[in-house]
């Protein structure tokens with residue numbers, strides 16, 4: 001979900017594992033030549049999702065790395081299958097209330113630029129939660145965990161999956 005810490009945790013996990021880190025959203029922005037917000041505005045969500053799927057596939061094909069996907073990457077069945085079969089997908093599961101606390105002032109996320117952003121975030125959690133659970137090899141409840149404990153747990157799961 002947006003605000004779960006995918007990029008922040010991912011960077012530290014990659015550092016500890018000594019592998020590259022990639023943020024799928026940043027790759028999409030580089031390929032589109034604009035921000036995700038602008039891409040949504042200019043071309044719509046479907047165009048963004050197309051670029052997201054292509055970026056995700058190329059990142060997974062790029063060899064060992066830590067990849068922070070966009071929160072909506074799981075919306076497409078092909079992306080879920082790719083994550084399930086070609087990665088050790090870890091879902092940073094956080095309650096919507098915590099996510100809202102982190103995101104309530106964030107103006108960069110297009111899907112939350114609506115009249116009632118809090119209600120929209122709860123809708124996204126309801127819609128996406130089952131997809132995250134279906135896709136993930138590991139579900140990590142991050143509520144009340146420190147950053148270091150989250151990173152430690154992710155590193156341990158990745159190492160266990162690799163052995």
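Where a number appears in this text, it was derived from the coordinates with a stated rule and is not lab data. As the structure is a prediction and not an experimental result, all values here were calculated from the model. Every residue, glycine as well, gets a Cβ built from its backbone with ideal geometry; the counts of neighbours run over all protein chains shown.
Summary table
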quantity	calculated
Mean ellipticity per residue at 222 nm, deg cm²/dmol - from DSSP H runs of n ≥ 4 across the chain, formula -39500 (n - 2.57)	-19000 deg cm²/dmol
Contour excess over end-to-end distance, with Cα ends at residue 88 and residue 114 and 0.36 nm allotted per residue	6.0 nm
Contour minus Cα-Cα distance for residue 76 and residue 61 (0.36 nm per residue)	3.6 nm
Hydrodynamic radius by Kirkwood, which averages 1/r over all alpha carbon pairs of the range 77-136, in angstrom	12.8
Label-zone membership for the range 52-96, site residue 156, 7 angstrom Cα→C-beta point, backbone N under 17 Å	90-93
Chain lengthening between residue 34 and residue 105 when straightened (0.36 nm per residue, less Cα-Cα)	23.4 nm
Scattering profile of the chain at q = 0.09 Å⁻¹ [log10 I(q)/I(0), Debye over alpha-carbon scatterers]	-0.28
Ordering of 144-153, 61-70, 4-13 by packing [mean C-beta count within 10 Å, highest first]	4-13, 61-70, 144-153
